[in-house]
Amino acid sequence: MYAVVGCRSCGTYWLVSDPDRQESATCPRCETRHPTDRLNRFHESDDRAAAAQARAKLLADKHGQSEAFERAGTVAELERELDGFEGAVDDREYLEGSGLDADEVAAAGADDAGGSRSRDEVVRDALREGNATEEAVVAYATDHGVPAEAARDVLDRLTRRGEASESRGEYRLL
C-alpha cells in the first residue's frame, strides 16, 4: 500500500509505503517527523506508479499546471515514448560528451556508497559525539559540509520538537 501524504509544515507531498505499519514518517523536504495516523492522505493505492501519478497531479494542480499535466500523459507513457526515441543520450555518452570520464564518475559514486548524511544527521552526530554548545555543534557541522546557519536551524528545530534539550547553553539529544 502506498499513500500520497502532505506535510503540515512545508506543504510538500510525498509517498509513504505501508503507512498503517509505520508509526511516523519524515518529510523529505523539511525533515519534520509526523505520526502517520495524523498525516493527510490524498491518495492510496497498492500500485506505486498509480500513487506517484496521483502525487504528480497534486503537484501540477498546486502550481496551476493542471492543463499541462493532462497534456503530458502518464509517467509510464512518457517513458515508453523515450524508449523509442533515437536521439536520447545515455549517461555515459552525456558524461563523455561533457568532457568527463564516465568510469571516474562511477568510481566516485562507489566511494560514497554509504551515502551522504543529511544536515539533520550531521547535527545529531555532533551532539552524540559530545559537542554540547551551539558553537561546538556549528563547528562540527561546518567541518562536515553543513552551512553554519543551517546547523543552527536544525539545532533549533530539534529543540522545538523536543528531540533535543538546551540547558545553560548546552544541548543534548533526548
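The values are calculated or read from the model by the stated rules, or taken from the named source; none is laboratory data. Fair warning: this is a prediction, and the values are worked out from it, not measured in the lab. In this analysis, Cβ positions are derived from the backbone assuming ideal geometry, glycine residues included, and neighbour counts consider all displayed protein chains. Accessible surface areas use protein heavy atoms only, side chains included; no ligands, DNA or RNA. Shrake-Rupley method; radii C 1.70, N 1.55, O 1.52, S 1.80 Å.
Overview of values
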| quantity | calculated |
| --- | --- |
| GNM result for the chain, Cα springs below 10 Å: residue of H34, H144, H63 fluctuating most strongly | H63 |
| Shape parameters for the chain, alpha-carbon atoms, Rg then Dmax in Å | 21.0, 65 |
| Gain on full stretching of the segment that runs from E67 to L174 - 0.36 nm per residue minus C-alpha separation | 33.7 nm |
| About the Cα centre, charge dipole magnitude for the chain (Lys/Arg +1, Asp/Glu -1 at Cβ), debye | 1280 |
| Two-site FRET efficiency, D101 against D156, from Cβ-Cβ distance with R₀ of 35 Å, rounded to 0.05 | 0.25 |
| Protection proxy ranking of 93-101, 48-56, 20-28 - average other beta-carbon atoms within 10 Å, highest first | 48-56, 20-28, 93-101 |
| Surface accessible to a 1.4 Å probe, D156 within the full protein complex, Å² | 80 |
| Probe 1.4 Å, protein heavy atoms only - accessible area per residue of the chain in square angstrom | 67 |
